[in-house]
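Data first, discussion second: the structure below is written as structure tokens.
Since every read-out is calculated from the coordinates, none of them should be taken as a lab result. All values reported here derive from a predicted model rather than from experimental measurement. Note that each Cβ is placed from the backbone with ideal geometry, even for glycine, and that neighbours are counted across all protein chains shown.
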Amino acid sequence: MRFNAKARLDASRTQDVGGSGGGTGGGGFPIPIGKAGGGIGGLIVAVIIYLVVSNLGGGDAGGALSDSAFADSSVGLSGQAFDYATCKTGEDANNSDECALVAVENSLTDYWKNQAQVADVFQPERAIRVFHGSVSTGGCGNATTDVGPFYCSADQTIYLDTAFYDTIFKQLGGTATPFVRAYVIAHEYGHHIQDLLGTMSKVKTQQGKKSDSVRLELQADCYAGMWAHDAETTPDAEGNALIEDVTADDIAQGITAAKEVGDDYIQQRSGGAVNPDQWTHGSSAERQHWFATGMQANDDISACDTFSARSLD
Ligand SMILES: [Zn+2]
């Protein structure tokens, strides 16, 4: 994947908010998971949840997640704040992962604002906030790198610690190629689209093979696929495509990444048994299936109706 070197970037929504740099520790962190049947205002939807969900126990779906399979990964890097305003052109995006994040965000915004079934309600996400170590959200509590990138509907913001790619994602065997990074952001942006469309209110069941949570996550994968398919032809404000050269190799990397964030795969990698009752995001096969479904959706968002689908794989 390459970016049109002459394209102009809009970095106004992408910020580096620093972070405590204090490391992740092994303690609990108060992430409010939307309670079954309750409001979803504070629902955090991480692209990947490595948490040992069984620790929730007792059906206390509203409780804080108290442990992580990767809690001792040392993510305590006190990253230096990056000034995203320095990202001005596609050429900058070709030369820096940070500016590539801006470019991908711009492409996602350009795609969804013109998507026929979304255009009427579209507004961009409020921000992408890049943090280091830990972060306080505007209504979804505090989070650390461990939870992976996530979308907070309370402040319509995508949160991302880029150290995630070098630590947790790597532990899963993943390689954070530029397209894989784009897929992760496209998935989170998919949650923003769900937020705009009111889909999050459909989520009543938080885990299990056919839970609403899994359906929500697979739909976000499907939306990511819709964008991936059209990324090369989505015009920017000046009428030129910002992204060029999305190769078959890129797509294959995206599909591989979808495998590496499957619940069954993560359960196996973390040494546990595969237990579908604890799934929140869907299996590897399901995530690959819905990413591919989005790519074949021909711009029709109804192809991504995971909530009506009887079979998810
Ligand atoms: Zn997600």
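Applying the Karplus parametrisation 6.51 cos²θ - 1.76 cosθ + 1.60 with θ = phi - 60° to the phi angles of segment 143-150, what ³J(HN,Hα) value in whole Hz is obtained for each residue in order, glycine and proline being reported as x?
Calculated HN-Hα couplings, in order: 9, 10, 3, 3, 6, x, x, 8 Hz.
For Met295, Met1, what's the fewest-to-most ordering of other Cβ within 10 Å of each Cβ?
Values: Met295 20, Met1 26.
Fewest to most other Cβ atoms nearby, the residues stand as Met295, Met1.
If one computes the Cα centroid of segment 148-192 and of segment 104-141, what distance in Å separates the two points?
12
If we count other beta carbons within 10 Å of each Cβ, what is the order of Val121, Val130, fewest first? Each step should come with its number before you reach the end.
Values: Val121 11, Val130 25.
Going from sparsest to densest Cβ surroundings: Val121, Val130.
So, counting K/R as plus one and D/E as minus one, what does the shell of residues with Cβ under 11 Å around Ala228 add up to? Could the numbers behind the result be given before it?
On the way: positive: none; negative: Asp221, Asp230, Glu232, Asp250.
Once positives and negatives cancel, what remains is -4.
Under the rule of at least 5 residues apart or a separate chain, name every residue whose amide H is placed under 5 Å from the amide H of Thr14.
Here the answer is Ile128, since their amide H atoms fall under 5 Å of that of Thr14.
From largest to smallest, what semi-axes in whole angstrom does segment 89-232 give when each is the square root of 5 times an eigenvalue of its alpha carbon gyration tensor? Kindly include the intermediate steps, with their values, before the conclusion.
Values: eigenvalues 96, 81, 46 Å².
Square roots of five times the eigenvalues give 22, 20, 15 Å.
Among Ile266, Ile243, which comes first, then next, by fewest other beta-carbon atoms within 10 Å? Mind dumping the intermediate values first?
Numbers: Ile266 25, Ile243 30.
Taking fewest neighbouring Cβ atoms as first place, the list is Ile266, Ile243.
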